[in-house]
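The values are calculated or read from the model by the stated rules, or taken from the named source; none is laboratory data. Remember, it's a predicted structure, so these values are computed and weren't measured experimentally. Cβ placement follows ideal geometry from the backbone for every residue including glycine, while neighbour counts extend to all protein chains displayed.
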């Protein structure tokens, strides 16, 4: 998560690099890395993969039309025979349908959930103030053709401003089948969005699915020194076993 639109493509990569390391240690160097990116914004994660992986297949979901247009423009600069890029202007959650999406003053923190009361006072730049609410398509990962066909995807990356557990619920079938080798999700430890999921909610869900928690990356603290947010990494049972996890 970034609060500054000028940071485009300068996104924390610690979690991405860790996920790639686990995946590539158990894969042939000739394999093309496959990624589903929920919350593609304007291409930060895409840029991170372009810098760290030579060959990849990338499917991204971004509901904000302005960010989606910027993502498309950036993706066009990266297109090559070694990079299959598929972009979809939609939100992802636990169901298929329509949902209200809130565009904030800073597009990087736009999301389905509204900010908690008092957040603007905690963030004086007003990044989280809602500028516009739009109706957008909502889909769940278990409805994707690739999931239904049983394809194994190397990485599921989620960054949905506190809506991340709903994304996981919509991917429950794929996760139970081990179809994502690794999951990297934004997590929160303090109130941020109304009805948000916290780290422990995601951790319990993934534990019940059988995925193994690895570590936290790209962490940030509040001004008071509390752990605020970060990216949590989980590995599928098979990849955990291949990596000699206990």
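Looking only at residues in segment 148-164 that are surrounded by fewer than 23 Cβ atoms within 10 Å (Cβ to Cβ) and in contact with a strand residue (DSSP E or B) (Cβ under 9 Å, 6 or more places away or on another chain), the one that is nearest to residue 198 (Cα to Cα) is 153. Within segment 12-54, the residues that satisfy the criterion of being at pLDDT below 75 and more than 20 Å from residue 234 (Cα to Cα) are 28, 29, 30. Of the strands (runs of 3 or more DSSP E) lying entirely inside segment 167-242, the ones with 3 or more residues being in contact with a helix residue (DSSP H, G or I) (Cβ under 7 Å, 6 or more places away or on another chain) and either at pLDDT below 95 or closer than 22 Å to residue 147 by Cβ (or both) are found at 180-188, 227-235. Going by the conditions given, is residue 33 buried (at least 24 other Cβ atoms within 10 Å of the Cβ) and within 16 Å of residue 20 (Cα to Cα)? Taking the combined requirement at face value, the residue does not satisfy it. State yes or no: is residue 68 touching a helix residue (DSSP H, G or I) at 6+ places or on another chain (Cβ under 7 Å), in a helix (DSSP H, G or I) and modelled with pLDDT of 95 or more? Judged against the criteria, residue 68 is not a match. Residue 110 - would you say it is surrounded by 19 or more Cβ atoms within 10 Å (Cβ to Cβ) and either within 20 Å of the chain's Cα centre (by Cα) or free of Cβ contacts under 8 Å to residues at least 60 places away in the same chain (or both)? Considered against the rule, which asks whether it is surrounded by 19 or more Cβ atoms within 10 Å (Cβ to Cβ) and either within 20 Å of the chain's Cα centre (by Cα) or free of Cβ contacts under 8 Å to residues at least 60 places away in the same chain (or both), residue 110 comes out as yes. The condition (being within 18 Å of the chain's Cα centre (by Cα) and free of Cβ contacts under 8 Å to residues at least 60 places away in the same chain) is satisfied by just one residue among 98, 88, 83, 126: 88.
Taken together, the criteria exclude residue 117 from residues that are exposed (fewer than 12 other Cβ atoms within 10 Å of the Cβ), more than 14 Å from residue 193 (Cβ to Cβ) and either under 21 Å from the mean Cα position of the chain (by Cα) or at pLDDT below 95 (or both). For segment 71-107, the tally of residues that are touching a strand residue (DSSP E or B) at 6+ places or on another chain (Cβ under 8 Å), at pLDDT 95 or above, assigned to a helix (DSSP H, G or I) and surrounded by fewer than 18 Cβ atoms within 10 Å (Cβ to Cβ) stands at 1.
A quick yes/no check of all residues on (1) exposed (fewer than 15 other Cβ atoms within 10 Å of the Cβ); (2) over 17 Å from residue 20 (Cα atoms):
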residue: 169; (1), (2): no, yes
residue: 179; (1), (2): no, no
residue: 187; (1), (2): no, yes
residue: 198; (1), (2): no, yes
residue: 219; (1), (2): no, yes
residue: 226; (1), (2): yes, yes
residue: 234; (1), (2): no, no
residue: 244; (1), (2): yes, no
